[in-house]
Amino acid sequence: MKTLAEIKTEVDRLAAKIGVSEHPTLPTYGYSEGTARAHIEVDKRGYHYVVVERLTESERLTTFDLDAVLYRVFRSVTFHLSCAYELVHRVETQDGRRMNFQHQVELLSQLSKSWGERQAQEQQRILRDHPFDDSSSARLTSAAKLMEAGHSYETAWQMAERLHPSPASS
């Protein structure tokens, strides 16, 4: 088993590969800030990826597989990077997840081909239940204009849904 110092060295090496050596979503080691920032622990039960916020543990991954912990660290980091990327490069007529998902897979693939593949599979599972919705922005804009024109919330959304159907109602 690797020590916390050895794990930190590996996380720092990988973070540098994608240009985020000082990113605020990188974990702490051996202690929690209690701010929902992940931390890493190591003991006889294995490696632990832990998230604690306001004294409540919300996530814990315990494993002897260091690769699984590293993947979890960088899945979170690349998610935040991809959200920021999508905001800067937003295409109003496109579901933001299209760009976000693609960018996250690209970043993870720079670190590990298998991590990129794993994330792409997870995204496909999400999209089976929640497909891309390229009309969401248009639907929101239409509903807002209809409400400004005096329609009730419910009526405005029904009218906007007819104009710009969501994937579920197509």
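Laboratory data are not the source of any read-out in this text; all were calculated from the coordinates shown. Please read these numbers as outputs of a predicted model, since none were measured by experiment. With ideal geometry, Cβ positions are generated from the backbone for all residues, glycine too; neighbour counts draw on all protein chains shown.
A few notes on this one:
- Projected onto planes of every orientation and averaged, the convex hull of the alpha-carbon atoms in the chain covers 12.4 nm².
- When you filter the trypsin sites (Lys or Arg not before Pro) in the range 58-100 for DSSP loop state and at most 13 other Cβ atoms inside 10 Å of their Cβ, you are left with 90.
- Counting DSSP beta bridges with both ends in the chain, the antiparallel % (nearest 5): 85
- Theoretical gain in end-to-end length, residue 106 to residue 13 [0.36 nm per residue, Cα-Cα removed]: 31.7 nm
- Computed [θ] at 222 nm, helices only, for the chain once each DSSP H run of length n ≥ 4 contributes -39500 (n - 2.57): -18500 deg cm²/dmol
- For the range 70-166, applying the loop criterion from DSSP together with a ceiling of 13 other beta carbons within 10 Å to the GluC sites (Glu not before Pro) yields 92.
- Centre separation in Å (Cα based) which lies between the range 86-121 and the range 27-52: 26
- Selection of chymotrypsin sites (Phe, Trp or Tyr not before Pro), the range 77-147, meeting DSSP coil and at most 14 other Cβ within 10 Å: 132
- Summing Cβ point charges (Lys, Arg +1; Asp, Glu -1) relative to the Cα centre of the range 95-170 gives a dipole of roughly 160 debye.
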